[in-house]
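Notes follow the structure.
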């Protein structure tokens with residue numbers, strides 16, 4: 001069994017998996033980065049295991065196209081955030097904002113510029129809170145709609161899994177207005193549809209009961225399903241850094257909080273490594 005992004009798995013979750021694997025005689029391989037996103041649940045089991053058992057490091061970087069981006073990722077991996085950020089600053093890929101409101105406005109401006117320059121390109125805005133993500137999704141969608149990039153609006157029922165404080169998972173149901181041309185994000189793995197949590201797609205057709213989307217990626221595959229069978233969707237213009245784990249797009253516009261007490265930006269290594277042409 002291979003567990004990818006193992007650094008995001010909490011101690012209790014990993015203990016349950018490893019205990020069952022031991023009973024079944026199954027070998028478990030953990031893959032991840034203890035310096036990137038931390039578990040939502042308590043504990044840093046992956047870090048503890050790596051420190052006690054040891055690990056093999058994967059050093060080849062395949063996502064970033066430019067050599068300076070790869071250099072920056074290596075600096076982040078070695079715990080050298082200042083040197084990594086210097087690389088981004090030298091190439092005009094980082095800006096500073098005094099307030100959150102100003103930062104979000106700059107993110108939308110950058111997203112809009114990329115939309116105008118590359119209408120068919122993939123882009124994503126990253127933020128830390130779900131409230132900021134909702135706001136950014138609304139703003140980006142409004143711009144796309146004003147430019148004639150969307151079809152007729154349709155109200156659909158969607159759902160998402162929400163982790164509770166006691167470790168249980170609840171289903172949160174809500175409504176989204178979707179149209180042909182909308183960008184959406186898949187929120188749950190589904191083997192039958194062959195879709196993965198965090199995947200991005202473009203809406204091809206939508207009704208109140210069904211939707212057809214074209215998934216990003218080399219396959220450019222179309223998937224159609226009834227919303228009564230699968231409804232784990234949300235807008236795909238902006239996302240939290242946790243939800244975007246594993247995603248790769250042409251351009252990232254990310255809002256990074258700098259905490260002087262930690263001497264590094266929250267989520268910086270992760271955000272910088274999601275895009276082929278990032279901008280923070």
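Any read-out appearing in this document is the output of simple, stated calculations on the displayed coordinates, not a laboratory observation. Everything numeric here is computed off the predicted structure, so don't read it as measured data. Cβ sites come from the backbone with ideal geometry, for glycine too, and all protein chains shown count toward neighbours.
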- [ ] Would you kindly calculate the translational diffusion coefficient of the range 129-183, applying Stokes-Einstein with the Kirkwood radius from alpha carbon pairs, for 37 °C and a viscosity of 0.692 mPa s, and quote it in µm² s⁻¹ without decimals?
- [x] 253 µm²/s
TODO: Write down, largest first, the equivalent ellipsoid semi-axes of the range 67-272 in whole Å, where each equals the square root of 5 times an eigenvalue of the alpha-carbon gyration tensor.
DONE: 30, 20, 17
Task: Mean Cβ count within 10 Å, highest first, over the residues of peptides 79-89, 148-158 - done: 79-89, 148-158
